[in-house]
Amino acid sequence: MFHHMPAVSPSSWNPSYKFGLERLKKRELTISETIFCASQRPRQNPSIRKEKPIPQNVDFPPILPKKKKKPFPIPFKKIQKAAREDKKLAQMGIEKPLEPPKNGLLVPDLIPLAYEVLDAWKVLIKGVAQLLHTIPVYGCSECSEVHVALEGHQIKDCLGPTSRDRHSLHSWVRGSIDDILVPIESYHLYDPFGRRIKHETRFEYDRIPAVVELCIQAGVDIPEYPSRRRMKPIRMIGKKVIDRGGFLEEPKPWRLGNPSSPVDFDTYRANERFPPPLSEDIPRIAQETMDAYDFVRSGVMKLMKKYTVKACGYCSEVHVGPWGHNAKFCGAFKHQWRDGKHGWQDAIVDEVFPPNCVWHVRDPRGPPLRSALKRFYGKAPAVVEVCMQAGAQVPDRYKPMMRLDIIVPESDEAKLVA
């Protein structure tokens, strides 16, 4: 016979037992918190950016087909979404919110950068012009190929009109500064938000380097090329400007009175303006030119994040301003369908300041490059190749494309390489 045990109330427990139970609960809680904290990743300081490792080798820049439109730098869905939002605001009669420089005002923080980019651009032109007196450069008379060496290469990749008769070999002639710094020009606008350039009025505007025009619109004052500086922002509803502060009479183009006078920010007759350097000054000039090239490229990239630059999706025409011009001289793919008008889209840095990549020559005095060993050669921007052969230090970001770690085999050994 089992005896019924009375229920034990919590008040009748042993105090030492209570204390031990509480210590056990606290210990379990501490262990769980420790495990939870250990499973979390340590927080990183957002102000410290982790540098990406430089790859060993990279592919060459792709050659875009001429019978196809360039890809949009901004995804087309984002462009459509922004257009729908602007249209919705316009239907409601709400003004489009604009910030500098989209509203015609300058960005004060970018004015010093614009002056520095223009100064670096002048140093770049002077340095390249001086180095070309000692570094030989050749250009193909039938295509846009450029080579920096004592003689032209023998790689069969010419796409000129008579390349078939020459078995795709290039027809080399002595090059100039325009082969190294590709002249990308743009119309100079006194008021970028004023009247658009028409086909009939295209000769009433000066053509200057696109980099210089970008610096002018970013706040650089050049007496020969004045620019309107607004004190009040423009107002827009959708795509229509409802208040631009009126139209002002634009000054006459400076080039009309001085058609052949050279300027220090243009490559025109640069080889004549700058004499050959002394042999002991060549490495210093090469390094200064290399630094100026890097600064111009990075500075243009920063300015283009704020200031609008348009490029034709079919040809190399560039326009610095909120809208493209209406001049009809596009002769690229299907220009008849567009009546010669340009297909404007947002530009990228390579369209405003093209790198113009050339084959990298490890030994300028050695044998010319050959087609059989083409896959072992690297490439570099033309300015970088000229400065490197003159004694400048190559930045690390250009080395992966130059393929300096690849050993170029002999012609008979190339067949044994997988």
Q | Whole-Hz ³J(HN,Hα) from phi, Karplus 6.51 cos²θ - 1.76 cosθ + 1.60, for the range 64-72, glycine and proline x | A | 6, x, 6, 9, 7, 6, 5, x, 6
Q: Could you list the residues of the range 196-229 with an amide nitrogen less than 11 Å from a label point located 7 Å from the Cα of K328 in the Cα-to-C-beta direction?
A: 199-200
(Q) For a Förster distance of 22 Å, can you work out the FRET efficiency between the beta-carbons of I406 and Q154, rounded to the nearest 0.05? (A) 0.70
(Q) Taking 41 Å as R0, compute the FRET efficiency from the Cβ-Cβ separation of L98 and V394 and round it to 0.05. (A) 0.45
Q. How high is the FRET efficiency between F376 and E224 when r is their beta carbon distance and R₀ equals 45 Å, given to the nearest 0.05?
A. 0.40
Q | Label-point separation, D346 to N57 (7 Å along Cα→Cβ), nm | A | 3.4
Q) Using 0.36 nm per residue, how much length does the chain from K81 to D281 gain when fully extended, once their Cα-Cα distance is taken away? A) 66.5 nm
**Q.** Virtual spin-label span in nm between D178 and T162, 7 Å along Cα→Cβ
**A.** 2.0
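Every read-out reported here was derived from the displayed coordinates using simple, explicitly stated rules and does not represent laboratory data. Remember, predicted model here, so these are calculated numbers, not experimental data. When we count neighbours, we look across all protein chains shown, and the Cβ atoms used for this are built from the backbone with ideal geometry, even at glycine.
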